[in-house]
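The values are calculated or read from the model by the stated rules, or taken from the named source; none is laboratory data. Keep in mind that this is a model prediction, so the values were computed, not measured. Heads up, the Cβs are rebuilt from the backbone with ideal geometry, glycines too, and the neighbour counts pull from every protein chain shown. Ligands, DNA and RNA are stripped out before the accessible areas are found, and what is left, the full protein with its side chains, is counted by its heavy atoms. Shrake-Rupley method; radii C 1.70, N 1.55, O 1.52, S 1.80 Å.
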Amino acid sequence: MIQQYDKNLVTIIREKQYQEIKRGVEITVKPIPDFEGKGAMDPRLLKSSKKMAMMMKFMPKNLMKMDASPKSVKRLRKIFNNVDSTEMVTDGFTRENRQVKAEDGFEIPISIFKSDSPMPNSPILYFIHGGGFFAGSTEVVAEALKLFVSQTNMIAVSVDYRLAPENPFPIGHNDCYSVLKWLGENAESIGGDPNNIFVGGDSAGGNLTLYCSNRSIEDNLNLVRGQLLFYPTVNMGNVEDDNTKFTIDDIDMYPDHEKYIRPGIEMFSQATSSLSDMLGTTEIMTKYLTPYMEVSEKSPVTFISSGEHDFLTIESLAYAKKLKDLGVDTTFTYYCGLGHAYLDHVGNYPQAEDCVLDIGEFIRKNRV
């Protein structure tokens, strides 16, 4: 396997991790493996952030404007669709592309990842990519899924749901749920166990994951054994309570790194206000788009992971607290020195590899 870092850094992360309480939630803190300093940025992310900061100096500010206009969407997709991983797994796996019929007859593309020695009656990781509901693809997270199946011999399935704004809410959400229902009916035909379907997603994909879990509960299907949320969008409607209130100054920032950390948090936190336009709906204050509004005590066992400098971490912690208060078994991992979308950087960040290891452990622990 090829990594752009010393492979021992993954071991160091796991040796140095510890438990603490943050905003009322017990979390597993994952320190930067090779740098000390409260609120510091991981050295690998810092290197790329410095390059980005240099580019931003010469970039017109309107280029980062986020709206639903065709010109803006095209520009942003070019950024969000970039594959940022390093190929770690080059053989020993298969990827099969299929289609699943949506409610309106559309053929939804899915990909089925397996190792060359798949586990019989395997648990299934059904993964939903992020990208703000308007961008992203399986290709962005494919390396993480290849690494997962090579490490665990389990099955991973991804979905390329229809994107907004061309396909307004709830089309993309319903596509994801249609694939979940298809898996419930066809898991055995792909070598999987219908009783051990784990749904996961990153960023907007975390929102889509919760839509699938909550619809499954609502429809009394109970298809989801566990859910995995990576820096998820759970409070699009900006519900304010004691658990969601915060200011940017509540986030630790190493003084020498603050000029690289702060702009990213501010830029992306402002961008979330445009998601309703992207989705083509004003009905943001529903449990389907703002799942923080209504958390079910029937929620499946849950894994949440987020970064120290991610603008979504506060709402992720708030969601975890609601789950825990309802008695839902919830695990939260917290990566020091990282911001958003680290799972896209398998092969570049040791934390991404560590996160994939945690996914496998979570599923093994909670399968029936």
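In summary, THR233 fulfils each of the numbered conditions (1) of a type in the set (Val, Ile, Thr); (2) crowded, with 16+ Cβ neighbours inside 10 Å; (3) out of contact with any helix residue (DSSP H, G or I) (no Cβ under 7 Å at 6 or more places or on another chain) with the single exception of condition (3).
Condition check ((1) buried (at least 19 other Cβ atoms within 10 Å of the Cβ); (2) touching a Ser or Thr at 6+ places or on another chain (Cβ under 9 Å)) across all residues:
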residue: LEU223; (1), (2): yes, yes
residue: GLN227; (1), (2): yes, yes
residue: ASP242; (1), (2): no, no
residue: ASP252; (1), (2): no, no
residue: LEU279; (1), (2): yes, no
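This table checks each residue for (1) of a type in the set (Val, Ile, Thr); (2) within 15 Å of the chain's Cα centre (by Cα); (3) not in a helix (DSSP H, G or I).
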{"position": "VAL141", "(1), (2), (3)": "yes, yes, no"}
{"position": "GLU166", "(1), (2), (3)": "no, no, yes"}
{"position": "CYS176", "(1), (2), (3)": "no, yes, no"}
{"position": "GLU188", "(1), (2), (3)": "no, no, no"}
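Pairs meeting the criteria (first residue in the range 242-265 and farther than 27 Å from LYS51 by Cβ, second residue part of a loop (DSSP other than H, G, I, E, B) and small (Gly, Ala, Ser), beta carbons under 8 Å, at least 6 apart or on different chains) are ASN243/GLY24.
So which residues in the range 312-357 are open to solvent by 10 Å² or more (accessible area, probe 1.4 Å), part of a helix (DSSP H, G or I) and in contact with a strand residue (DSSP E or B) (Cβ under 6 Å, 6 or more places away or on another chain), if there are any at all? Within the range 312-357, LYS321, LYS324 qualify.
Evaluating TYR292 against the criteria (1) in a loop (DSSP other than H, G, I, E, B); (2) touching a Lys or Arg at 6+ places or on another chain (Cβ under 8 Å) leaves one unmet condition, (1).
Which of the residues belonging to the range 105-130 are in contact (Cβ under 8 Å) with a residue 12 or more places away in the chain and open to solvent by 30 Å² or more (accessible area, probe 1.4 Å)?
Start the filter on the range 105-130 by keeping residues that are in contact (Cβ under 8 Å) with a residue 12 or more places away in the chain, which leaves 106, 108-130.
Of everything in the range 105-130, those that are in contact (Cβ under 8 Å) with a residue 12 or more places away in the chain and open to solvent by 30 Å² or more (accessible area, probe 1.4 Å) turn out to be PHE106, PRO109, LYS114, ASP116, SER117, PRO118, MET119, PRO120, ASN121.
Taking the stated definitions as given, is LYS287 basic (Lys, Arg), buried (at least 18 other Cβ atoms within 10 Å of the Cβ) and touching a helix residue (DSSP H, G or I) at 6+ places or on another chain (Cβ under 8 Å)? In short, no.
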